[in-house]
Structures are given as C-alpha cells and as structure tokens.
Amino acid sequence: MPSFDIVSEVDKQEVRNAVDQVNKEVGTRFDFKGSDARVEQADYTLTVFADDEFKLDQVFDILTTKLAKRNVDVRSLDKGQVEKISGNKVKQLVTVKTGVESELAKKIIRLIKDSKLKVQGSIQGDTVRVSGAKRDTLQEAIQLVKKSVTDFPLQFQNFRD
C-alpha cells in the first residue's frame with residue numbers, strides 16, 4: 001500500500017555551522033566591540049547572550065539570517081523568555097523544534113479525515129504516516145497539508161509505492 005511520512009527535521013550540523021558563523025561575525029563587528037555577545041549551542045538548544053536587549057535582538061537577527069542561508073527553516077525556532085544575568089547582561093533560550101508535536105499531528109490527521117480523501121493517517125512517535133490506495137490521492141494529501149499547515153516547517157519523506 002503506498003504511503004509517505006510527514007516529519008519535521010532540522011540538520012544539526014547546519015545549525016552548528018550557522019552558530020559558528022554568528023559568533024565569528026559578532027566577534028568582528030564594530031558595534032559589538034568589547035561586548036559579551038555570543039551564541040552557545042547544546043544539542044537543539046541555543047543560548048543567545050548579550051549586554052542588553054537591543055544587542056540580543058541584533059544577535060538573534062544575525063542568527064536567523066545565517067540559519068536561513070543554510071536552508072534551516074526559521075519557523076522551527078522557539079524563542080524563550082529574556083532572562084537577566086549578572087549586572088545588566090541578558091540571555092535568551094532559543095529551542096530548535098524537531099519532530100511533529102502530538103497536537104499538530106492530531107490536527108493534520110483531522111484535516112486529512114475531514115477532506116474526504118481516501119487516505120488514512122496514523123501517528124507514529126514524532127512522525128505522521130499517511131497511507132492510501134492510490135498514488136494520486138497521496139499527492140493530493142501532500143498538497144492539502146502544505147496549503148493548510150503554514151506555521152510549522154514540514155517535510156514529506158519515505159514516499160513508497
């Protein structure tokens with residue numbers, strides 16, 4: 001039976017390369033001279049450090065630019081609260097979301113069922129598997145999901161006949 005998987009993945013190496021580029025650019029820019037602005041990475045969690053909130057926003061803008069150039073979808077970034085640390089320095093946690101969350105997976109399955117297409121969706125961990133009798137209906141389901149879910153980056157993999 002033909003099927004495909006709906007996933008949300010981010011290449012960790014590309015994120016690491018973008019973080020390295022951000023730190024290099026912040027180190028060479030004149031407006032950051034003498035400041036403690038940097039980005040640290042631990043797995044899929046990034047921590048942005050800066051002297052004040054204005055510089056924090058600037059570093060985050062540089063980060064999103066570098067990630068976009070490396071084909072990492074910036075919709076997968078989840079900004080946390082700005083925290084004050086020693087003195088007037090601030091930091092912010094930025095999480096890179098991977099995997100289809102259960103709430104979004106349920107929404108996708110409900111969307112597929114309501115469309116009256118002859119396909120079935122099932123949640124398998126952090127992926128959604130969609131299977132159907134015909135290849136054309138699966139491609140219609142892909143188009144439907146692409147058109148309906150625009151706030152979260154999704155990839156369609158494992159298309160099998």
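Bear in mind that the values in this text are calculations on the coordinates, not laboratory data. Remember, predicted model here, so these are calculated numbers, not experimental data. Heads up, the Cβs are rebuilt from the backbone with ideal geometry, glycines too, and the neighbour counts pull from every protein chain shown.
Here the stretch 1-31 is the region considered, the condition is being free of Cβ contacts under 8 Å to residues at least 24 places away in the same chain and in a helix (DSSP H, G or I), and the residue that is surrounded by the fewest Cβ atoms within 10 Å (Cβ to Cβ) is Phe30. Among the residues of the stretch 106-137, the ones that are within 22 Å of Asp78 (Cβ to Cβ), surrounded by 12 or more Cβ atoms within 10 Å (Cβ to Cβ) and out of contact with any strand residue (DSSP E or B) (no Cβ under 9 Å at 6 or more places or on another chain) come to 1 in all.
For the stretch 125-149, the set of residues classified as within 10 Å of Ile6 (Cα to Cα) and not hydrophobic (A, V, I, L, M, F, W, C) consists of Asp126, Thr127, Arg129, listed by residue number. Just so you know, in the stretch 32-55 the residues that are of a type in the set (D, E, K, R) and not in a loop (DSSP other than H, G, I, E, B) include one that is nearest to Thr95 (Cα to Cα), and it is Glu40.
Quick one: which strands (runs of 3 or more DSSP E) lie wholly within the stretch 64-161 and hold at least 1 residues that are in contact (Cβ under 8 Å) with a residue 24 or more places away in the chain and among the small types (Gly, Ala, Ser)? The qualifying strands (runs of 3 or more DSSP E) are 127-132.
When Val72, Val59 are checked against the criterion of being under 12 Å from the mean Cα position of the chain (by Cα) and not charged (D, E, K, R), a single residue qualifies: Val72. Taking (1) closer than 20 Å to Val10 by Cβ; (2) in contact with a strand residue (DSSP E or B) (Cβ under 9 Å, 6 or more places away or on another chain); (3) of a type outside the set (Phe, Trp, Tyr) in turn, Glu140 satisfies each apart from (1).
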